[in-house]
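Chemist: I have a structure here, written as structure tokens, and I will follow up with some questions on it.
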Amino acid sequence: VWKSCLTIIKDIVEWQHFKTWFEPIKPVELKNKILTIQVPSQFFFEYLEEHYVTLLAKTLKRELGKDANLEYRIMMDSGNNSNRPITMDVPGHGYKTYTNNEMDFPLVINNPVKNPFVIPGLKKVQIDPQLNPNYTFDTFIEGDCNRVARRAGKTVADKPGATSFNPLVIYGGVGLGKTHLAQAVGNEVKRQHPNKVVLYVSSEKFINQFVDHSRNNAINDFIHFYQLVDVLIIDDVQFFSRAEKSQDAFFAIFNHLHQSGKQLILSSDKPPKDLEGVQERLLSRFRWGLSADLQMPDYETRIEILEKKMKNDGLDMHKDVVKYIAYNINTNIRELEGALISLLAQSSLNKKEIDLDLAKKVLKNFVKTSSKEITIDAIQKMVCDYFDVPYEKLLQKTRKREIVQARQITMYLAKTFTKNSLKTIGEHFGGRDHTTVIHSCQTVKDLMDTDSMFKESVLELQQKVQLAAM
Ligand code: ADP
Ligand code: MG
């Protein structure tokens, strides 16, 4: 059964994607029309659920009939502390497999002369990677808001240049962690593969260097320098907008690196398709790899981030104060940190303990600028009023078409306009799980593309929600 499914899927999905996302799947058993497939990791599973669930379901139903179903078995977690073997590139020795434990020893050696991976007589360029050592995966808290991007970054750091995530494009609004995550990949590559040449550069700096070199008629030197790099990180590529000559140079560098199996990591404040003033030939290359977004963390994740920062700085604060900050700052993580720092400054300046009163005073400046956070309940009420559907029906298992659509739209709006995790949203609908929420959001997006009446309702509701949040 799985084989014939694959034959169908192969025709639909691009070859690269098929190789990455379908070939590694192993069929395990078929029982009562339930097909169990085994996938290599949690990340893999989430990616399938997000991008291919409709395709998988349709294909399976075609093969097995309407009541066919799919179950996943996740082989092992790809998290930090698994003992999963990691394949890494050892120059001159081809590929060799190490387990995490074995790798500890050679990796702590910083001296390149003693580094067992450097082969004597092999010339290696030394380039300062320009990385901030504090921006690591360890300090980058994981949440629903960044899970896909974080795991993709980890995958790339494990095997730079050797996955289909090339380039890896990280995008998201200001202060949501693009620079931190992009540098975490760089730091992790250096940790795991000490003799890979890593370079972090902002696009502004890249453009300035380019302008200097072109004044001195040294554009070729400029391009050659960048071609020496194994892992190139370019931050904030939106600044390339309308810098035509710099884009030409970047295009040449991109092509060379990509063809030689080198890794590119880019960050942008918007999804690549919305980048204006960037050449189409570059944008099409950005689409070769994986684009992953960063969102504002939900309340629980904000608490975690604050607690981690406090721990790192050796601070202590009453849990109520932490909760108060996390609840009220919902714009971005930089502001979250800013609030914490202001609070500390005020407390030491006035020699006052940090308590809820002080927090309220200090945060006034921050809270004013951030808009209200609309709740799931408020959205549920709005949708029910709009469609004239009783609230209870949203939570029950009713399969009536109008109810199902109202429910799906509500989940979609909750995902778009609140900072709640998929899990939390599901819980507000009579304890549905996160995959149902993902599926609902996808269905709404699909329907909006095909059904203009439906689209109009969703847009009208969207407006209502936005107004309520102002
Ligand atoms: P951007 O580049 O998207 O504007 P930054 O990477 O500069 O954002 O992040 C802003 C601040 O928030 C930094 O101090 C960063 O360390 C912190 N930060 C962002 N994401 C996280 C996270 N997931 N966990 C902990 N700190 C984070
Ligand atoms: Mg940044």
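Chemist: Under the rule that an exposed site lies in a DSSP loop and has at most 16 other Cβ atoms within 10 Å, name the longest stretch of the chain with no trypsin sites (Lys or Arg not before Pro) of that kind, not counting the sites themselves.
Modeler: Excluding the exposed sites themselves, the longest stretch runs over 125-241.
Chemist: A further question follows. Mind checking the dipole of the chain: about its Cα centre, +1 per Lys or Arg Cβ, -1 per Asp or Glu Cβ, Debye to the nearest 20?
Modeler: Value, rounded to 20: 520 debye.
Chemist: Toward the positive end of the charge dipole of the chain, about the Cα centre and with charges on Cβ (Lys, Arg +1; Asp, Glu -1), which of Asn132, Phe18, His51 goes farthest?
Modeler: Highest projection toward the positive end goes to Phe18.
Chemist: Give me the extension gain from Ala345 to Thr398: residue separation times 0.36 nm, minus the current Cα-Cα distance, reported in nm with one decimal.
Modeler: 13.7 nm
Chemist: Could you give the radius of gyration (one decimal) and Dmax (whole number) of the Cα atoms in the chain, in Å?
Modeler: 24.8, 77
Chemist: A 27 angstrom limit on the alpha carbon distance is what I want to check against. Which of Lys323/Lys364; Lys308/Lys464; Lys26/Lys178; Lys178/Lys423; Lys400/Lys445; Lys419/Lys445 exceed it?
Modeler: Details: Lys323/Lys364 15 Å; Lys308/Lys464 37 Å; Lys26/Lys178 34 Å; Lys178/Lys423 24 Å; Lys400/Lys445 20 Å; Lys419/Lys445 19 Å.
From Lys323/Lys364; Lys308/Lys464; Lys26/Lys178; Lys178/Lys423; Lys400/Lys445; Lys419/Lys445, over 27 Å: Lys308/Lys464; Lys26/Lys178.
Chemist: Same structure again: Determine which aspartates and glutamates satisfy two conditions relative to Lys309: a Cα distance under 12 Å, and not lying fewer than 8 residues away in the same chain.
Modeler: Answer for Lys309, where 12 Å is the Cα cut-off: Asp138, Glu337, listed by chain and number.
Chemist: Which value, in debye to the nearest 20, gives the size of the charge dipole of the stretch 122-293 about its Cα centre, when Lys and Arg are +1 and Asp and Glu are -1 at the Cβ? Intermediate values should be presented prior to the final figure.
Modeler: Details: 21 positive and 19 negative charges, 101 e Å.
With Lys and Arg at +1 and Asp and Glu at -1, about 480 debye.
Chemist: Computed FRET efficiency, Cβ-Cβ of Lys455 and Asn69, R0 41 Å: what is it to the nearest 0.05? Walk me through the numbers on the way to the answer.
Modeler: Details: r = 30 Å, r/R0 = 0.74.
Computed FRET efficiency for Lys455 and Asn69: 0.85.
Chemist: Among the lysines, select those whose C-alpha is under 23 Å from the C-alpha of Lys33, and discard any that sit fewer than 8 residues away in the same chain.
Modeler: Output for Lys33: Lys3, Lys10, Lys58, Lys61, Lys66, Lys397.
Chemist: Rank the residues Met296, Met448, Met317 as a footprinting-exposure proxy: fewest other Cβ atoms within 10 Å of their Cβ go first.
Modeler: Met448, Met317, Met296
Chemist: Still on this structure: For the stretch 122-293, state the average projected area of the convex hull of the C-alpha atoms over all orientations, rounded to one decimal in nm².
Modeler: Numbers: hull surface 38.1 nm².
Over all viewing directions, the stretch 122-293 projects a mean Cα-hull area of 9.5 nm².
Chemist: May I ask you to sort Ile438, Ile409 by Cβ crowding, counting other Cβ atoms within 10 Å and putting the fewest first? Walk me through the numbers on the way to the answer.
Modeler: Details: Ile438 20, Ile409 25.
By the 10 Å Cβ count, ascending: Ile438, Ile409.
Where a number appears in this text, it was derived from the coordinates with a stated rule and is not lab data. These numbers were taken from a predicted model, which means no experiment stands behind them. Neighbour counts run over all protein chains shown; Cβ positions are idealised from the backbone, glycine included.
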